[in-house]
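These notes concern the structure reproduced below.
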Amino acid sequence: MSKTQRILALLLAVVMLTGLAACSKPNTETGTAANTSEEPQKEITINFPSIWVGKDSKAGIMSELISAFNQENTGKIKVVVEEIGDYQAYRDKMRTNITTGNVPDVFTFDNASETQLFFRSDKLMDLSSYLNEGWKNDFIASAIKDVTFDNKIMAIPYEFGVTPVWYNTRLLEKANVTEIPKTYTEFFDMCEKLKAAGIAPTSQMTGENAWTSMLWYSQLVVAIGGPDVYKNGFDDPAFLEAAKIMQKMYQYTTKDAVGATAGVSAGHWINERTAIFMNGPWFVGRLKNEGVNNMYDVVEVAPAPVYEGGKGQEGGYIGFIQAYIGAAKQTDKAKEAAVVKFLKYITSPENVKKVSLASGAMFVVKFDLGSADNVEKLQAQMIEQSNKAPYIVPHFQGNVKPAVASEFPQALSGLILGDKTPEKFIEQLKRADSM
Amino acid sequence: MRKTYKDYIGMLVFLLPAIVLFAAFFLYPVGYVVVTSLLKWDGITKATFVGLNNYKLIFTDEVFLTSIKNNIIWALAGGLIQVPLALMIALILARKPRGWKIFRTVYFFPNIISGVALAMMWSAIFNDEYGVLNGLLRIIGLESLQRNWLGDLHSAFPSLIIYWLFYIGYFMIIILAEISSIPETYYEAASIDGASKLKQDLFITIPLCKGSISTCMTLAMVYGLRQFEQVYMLTNGGPANKTSVMVLYLYKQIQNYRYGMANASGVVLIIIGALVIITIKKLFRVEKYQM
């Protein structure tokens, strides 16, 4: 080997090693450990991966608010939105980011069962001092408790959701159903009439996280076992009984319900292929925009029926915090202040009101509604019904470990297809819980 | 000639970049996976050493065993159905019938389309309510066969495999390239001796393509073992975990913050993959032919 070749090889090796080293260099622009205190004049960039994009009902108003914030803070703070329109992809990315210590400056999360784990990571900003200055008075007190860990407030509770039953009254009338059912007996009578009229009664799904069916199961579990049912774990007979009712529920749905995704399930309903649906207020915007034949005008929402002999009460609701806003722990005080400024901006009652009126979504931030405010009909019904509700209990997914929530769609599809008995269905959930 | 100390240094310098990359992107991750497979770890809080408990948990989990079984079926289908199908098409196209270039392009075309896009297309084809497949069955009077193809306990897994088996273009091109390198003189001699086209294929083409067939088999079987996106997109392992595969199982463990179990299943996947490659190499001990 000649001398030149050896030098060349050595150079190549050095170049490649430098390349590798460069790969691991932290991103000082948006990284959480950035220290820009020596350059106070530099514009601070806040990285915000957002799920409120694309078809999301809050996408438009959120984009307007963020643009206005950037405009107000030109040259000082810039919020850069990373658009991630898919819920599962968003969750996966946030989970990976937190695990690897690369937490975005601002991000959202929606699973109550994951919050404690995120808080324990020691990678999130402690917002206690800022919220205790009076900011927390803008929020419903119980919501602040949800994000308090070790006496520290570790996130901002934001969007709230209740999940009533949505009825398409036009289709009900076609089946000669004139009243919204109060009990499950009446509910299944109605389903029978709809089926006889050639209308698939309910939208169900076992694909993805089985969202709509998971909400029905949540309603049933509480209707049978009462609002404290989760304290007893899966040994409470309500879980088994609810599984049996779910089997019956799937006799009144579309043929493709097993394996159907949220898109398919919601698609059937907004295209009037099914008459009954279950979802939260964030769906109002989509119903208005995509519902066929002015469907919005013929939809009514109501609390789920009462289960005769059950411990649940009439008007009981399933409700939960649908979005928490988290922020990365910062070492640079200027950046921390900028992040807090942005958080205060998007959670200010004035801006939350704008988002709520534009999208139909509900929030744990308190704001006043005047007679001049154009509140969506369905949103108003949900607010009224949830105010009257004897209890509001979080859904099944928020009450169990992530592993149980993840196993639920598989266990449910097994139950519906006869691969599992209701007892085996419960065993499957118990096993996921114990691993 | 004896190598001097300086020669060894020179060799080392030349090899260094490759060694560094191999260590950084292969040895280190594999070692990390093996070590963390012995931990109870949620990826966020402190991990604890649990020995082989993660392996015990996955091997007593019905879903993991179903996943292994499905992967083995998938790998075997790839090796024993997909590659022979590709070989058959390659043999036909190698005779250059009229329009062979068009067929070659048509067969290869799906390979340049993203797997996710293909999965979405097939999801629509298999749909029970508006799917093309059920529509076709209705038209030809076979309504009784209509079903929710991806939501049925018995048809979900076969549906996943069957559509994938038709994507033979990649292997067909590899084999076709090998066939084109066989000298024409072999066939001329065989023709003079009265060998039919079939005999020429059986006794000249196929033995001389043994190397590329072995490569295709390895690729198809390894692909079957690391299958993920189609299953994730089309069934997410359902219904009732009947279509679960090992990589999907691993992914779900990560989703559930069970990084130790995820990595234990990763180790099992690496071992099975290595066994498959070794077995194929042993089976196809490629002989050297003098051209």
Problem - Selection from region B:225-281 of residues that are among the basic types (K, R), assigned to a helix (DSSP H, G or I) and under 14 Å from the mean Cα position of the chain (by Cα) - result: none
Exercise for the section: Run down B:M246, B:M233, B:M261 and say which single residue is more than 14 Å from chain A (Cβ to nearest Cβ), touching a residue at least 40 places away in the same chain (Cβ under 8 Å) and not polar (S, T, N, Q). Expected result: B:M246
Practice task
Would you mind stating whether B:K199 is charged (D, E, K, R), more than 19 Å from the chain's Cα centre (by Cα) and under 30 Å from B:T66 (Cα atoms)?
Solution key: no
Handout entry: helices (runs of 4 or more DSSP H) contained entirely in region A:203-277, each with at least 1 residues that are farther than 24 Å from A:Q428 by Cα and in contact with a Leu (Cβ under 7 Å, 6 or more places away or on another chain)
Key = A:262-270
Practice task
Test each condition in (1) over 30 Å from A:D236 (Cα atoms); (2) of a type outside the set (A, V, I, L, M, F, W, C); (3) part of a helix (DSSP H, G or I); (4) without any contact (Cβ under 8 Å) to a residue 60 or more places away in the chain for A:G370 and report the one that comes out false.
Solution key: (3)
Handout entry: Complete set of residues in region A:77-119 that are among the β-branched types (V, I, T), more than 14 Å from every other protein chain (Cβ to nearest Cβ) and touching a helix residue (DSSP H, G or I) at 6+ places or on another chain (Cβ under 7 Å)
Key = A:I77, A:V79, A:V81, A:I84, A:V106
Completion exercise
Over region A:405-425, the set of residues at pLDDT 95 or above, of a type in the set (A, V, I, L, M, F, W, C) and either in a helix (DSSP H, G or I) or not assigned by TED's automatic domain parsing to the domain that holds A:Q247 (or both) is A:F408, A:A411, A:L412, A:L415, A:I416, A:F425
Practice task
Determine whether region A:112-120 contains at least one residue that is touching an Asp or Glu at 6+ places or on another chain (Cβ under 6 Å) and of a type in the set (S, T, Y).
Solution key: no
Problem - Hey, A:S348 out of contact with any Ser or Thr (no Cβ under 6 Å at 6 or more places or on another chain), of a type outside the set (D, E, K, R) and either surrounded by 19 or more Cβ atoms within 10 Å (Cβ to Cβ) or not assigned by TED's automatic domain parsing to the domain that holds A:G60 (or both) or not - result: no
Practice task
Go through (1) part of a helix (DSSP H, G or I); (2) surrounded by fewer than 22 Cβ atoms within 10 Å (Cβ to Cβ) one by one and return the number of the condition A:D126 breaks.
Solution key: (1)
Exercise for the section: Need at least 3 residues that are crowded, with 18+ Cβ neighbours inside 10 Å and within 14 Å of chain A (Cβ to nearest Cβ) per element, so show me which helices (runs of 4 or more DSSP H) inside region B:32-118 make the cut, counting only ones lying wholly within it. Expected result: B:53-59, B:62-77
Practice task
For A:G319, state whether it is in contact (Cβ under 8 Å) with a residue 12 or more places away in the chain, assigned to a strand (DSSP E or B) and within 14 Å of another protein chain (Cβ to nearest Cβ).
Solution key: no
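The values are calculated or read from the model by the stated rules, or taken from the named source; none is laboratory data. The structure displayed is predicted, hence computed values, not measured ones. For neighbour counting, all protein chains shown are included, and Cβ atoms are generated from backbone atoms with ideal geometry for every residue, glycine included.
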